[in-house]
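Quick note: the coordinates plus some simple rules give every number you see, no bench work behind them. In this text the structure is predicted, and so the values were computed from the model without any measurement. Quick reminder, even Gly has a Cβ in these numbers, built from the backbone with ideal geometry, and neighbours come from all protein chains shown.
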Amino acid sequence: MARRSPRTAGSIRKLASGRYQARWWDEAQRKRVAAPKTFTWKADASLWLAQKEAGLLDEAEVEEEPTPVVPTLGSYAEDWMATRTLRPGTQALYRSQLRRHLLPTFGEVELDAILPVEVRRWYAGRIETGLSTVTVAKQYRLLRAILSTAVDDGLITTNPCQIRGGGVERSPERTIPTIADVTALADGLPADLRAVPWIAALAGLRKGEILALARRHIDIEGARISVTRSLQEITGVGAVLSPTKSTSGVRVVAIPQRLVDILEVHLADHVKPDPDSLLFSNTYGREIRASLWTPAWDSAREAAGVDVRLHDLRHLAGTLTAQAGATLREIMDRLGHSSPQAAMRYQHVALERNERIARAIDDLLDAEEDNDEAHGS
């Protein structure tokens, strides 16, 4: 709130920008007017008011207080995007979400005119179009993040994105694949791609991390894979090698002997000697694009008779890691998780497996007792 200076008939207020604005009461106009400029320091604003009251300033130095201009979501979102350091894939995703889902509804609306009820209607409308709750949650989180910054900038007082749980992704539970599924999928792929599902299933790498691997990232002697980057395919740009999904994604993964054996054969048969040669490439030695990978994977799934995404094999890796007795921190480090929530699901699966083992032991004990009773012992 603006506070009247004790030495002048004016007032001083701090703007959202952090600068100070001096205003004084003009008896002739019967309204408050603002100084033609803002001030870095409050003391400078006080001095201007004192000089104005003393008649030391020309009338030209006083102008009517301008009406603040509140930007539309479209213009503000463009500035919001420009002032953030985003990975190429994330930037492309955000621009797509803005263009297709946010700007058609809110693009021409001034920020302070976006009301909670309008956000709720938009959210419900997205669901009604048949979009998954996961997709809508991602769009909602972007809108909420942009408007949260607008609150910080002093352009709006509260964030109208107030849907409880609106940004939570509720993915349906999927069946964890088996090693037999991995074998069948690998057998259905071209020879130079058969190591891909094994890396996902036994080392837990993401698809982009796998397709970004080069010979130098594989340590056969040490049985390790170094993850330092990811392959992103961006519309209008092409394949881009960029940093991993997060800083926690940069990691060294110790791998089991079965994967070591698979990679040793793959390196010998399908990868050029140059340390920077990609582990998986097209006929020109370039990155594997979706146009090549997708039909190959779809064909392998059909041949194997399983409805499995490559990412589902990463879930198998997490489950195997938990069943091997890894702690929550170890699961996070191995899979490159930045938060414990995702890793906790694998501990839950391991606990369920543990409980099934306990029940199986009870069944064995019961069977042994029944056998003893039958023999009169």
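Checking every one of the GluC sites (Glu not before Pro) in the stretch 119-224 against DSSP loop status and a limit of 14 other Cβ atoms within 10 Å picks out E169, E173, E221. Note that the stretch 135-141 has calculated 3J(HN,Hα) couplings of 5, 5, 4, 5, 5, 4, 4 Hz, one per residue in order, obtained from phi through the Karplus relation 6.51 cos²θ - 1.76 cosθ + 1.60 (θ = phi - 60°); glycine and proline are x. Cross-link partners for K31 among the lysines, with Cα-Cα distance under 23 Å and sequence neighbours closer than 8 places in the same chain left out: K14, K42, K52.
The order of the peptides 299-307, 197-205 by mean Cβ neighbours within 10 Å, most packed first, is 197-205, 299-307. About its Cα centre, the stretch 179-307 has a charge dipole of approximately 440 debye under the convention of +1 per Lys or Arg Cβ and -1 per Asp or Glu Cβ, with nothing else charged.
3J(HN,Hα) along the stretch 188-201, derived from phi through the Karplus expression 6.51 cos²θ - 1.76 cosθ + 1.60 where θ = phi - 60°, amounts to x, 8, x, 3, 7, 10, 5, 6, 4, x, 5, 5, 5, 7 Hz, with x in place of Gly and Pro.
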